[in-house]
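Please treat every number below as a calculation from the coordinates, not as lab data. Every value quoted in this text rests on a predicted model; they were computed, and no experiment measured them. All Cβ positions, glycine included, derive from the backbone under ideal geometry; neighbour counts span all protein chains shown.
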Amino acid sequence: MLLFMAETLDAPQRRKLERLYAQYGKKMYAAARRICGDLAEDAVQNAFVSIAKNIEKTDGRDDDGLAGYVIAIAKNEAYDLMRKTEKTEDIDSLPVPDPFSDPAERVFERDAFEAAVKLIRDMDDKYRTPLYLVCVMGMSIKEAASSLRLREKTVGVRVYRAKKLLADKLKEAGYEY
């Protein structure tokens, strides 16, 4: 995503983003690591995407102000990741399949699950990401819209279309319940 964002910038803005990374990347990582541990790399990546989208906000800041600005963004992204991971289900809370159920039914369910996962992976990113945030991470449409920096209506429509696309493709593949 960051590479894509960098391509939308002009040459001076790209150089500025590269300098910011070289100068503050390790500090941002350290700050994020204290907050979210192993998710720090993701937090820094998200922070640089945010910085790239708002590169003009780095203009006119002295070194201390710029350091504070980019580190604050990294910390905020780390906190966002922590909130998102808290909403995921613990594996122990997932339902246990009935061992006495029909084996053919279990195979069918497993096949349908694997087909759904493949379809989601192959889905266009503009649909897959909102679907993931809302249906897997448990975010509200409003939270997902804020995270993706899109309008709530846009995210709602994309989630709806992703679900419809998934249902249609599963139906075409013969997975109807």
remark   = Cα-Cα pairs in segment 2-86 separated by more than 22 Å, as a whole percent of all pairs, come to 21
query = Which distance in nm do the two modelled labels at Lys153 and Asp62 give, with both placed 7 Å along the Cα-to-Cβ direction?
reply = 4.5
request  = Step through the residues of segment 33-43 one at a time and calculate ³J(HN,Hα) from phi using the Karplus curve (6.51 cos²θ - 1.76 cosθ + 1.60, θ = phi - 60°), rounding each to whole Hz and writing x for Gly and Pro.
outcome  = 4, 5, 8, 10, x, 5, 8, 4, 4, 5, 4
remark   = Under the 7 Å Cα-to-Cβ spin-label approximation, Glu114 and Gln13 lie apart by a distance in nanometres of 4.5
In order through segment 133-144: 3J(HN,Hα) via Karplus (6.51 cos²θ - 1.76 cosθ + 1.60), integer Hz, x for Gly, Pro = 4, 7, 8, 9, 7, x, 6, 6, 4, 5, 5, 5
ask   = Got a sec to turn the phi values of segment 159-174 into Karplus ³J(HN,Hα) couplings, 6.51 cos²θ - 1.76 cosθ + 1.60 with θ = phi - 60°, whole Hz, x for Gly and Pro?
value = 5, 4, 5, 5, 5, 5, 4, 4, 4, 4, 5, 5, 5, 4, 7, x
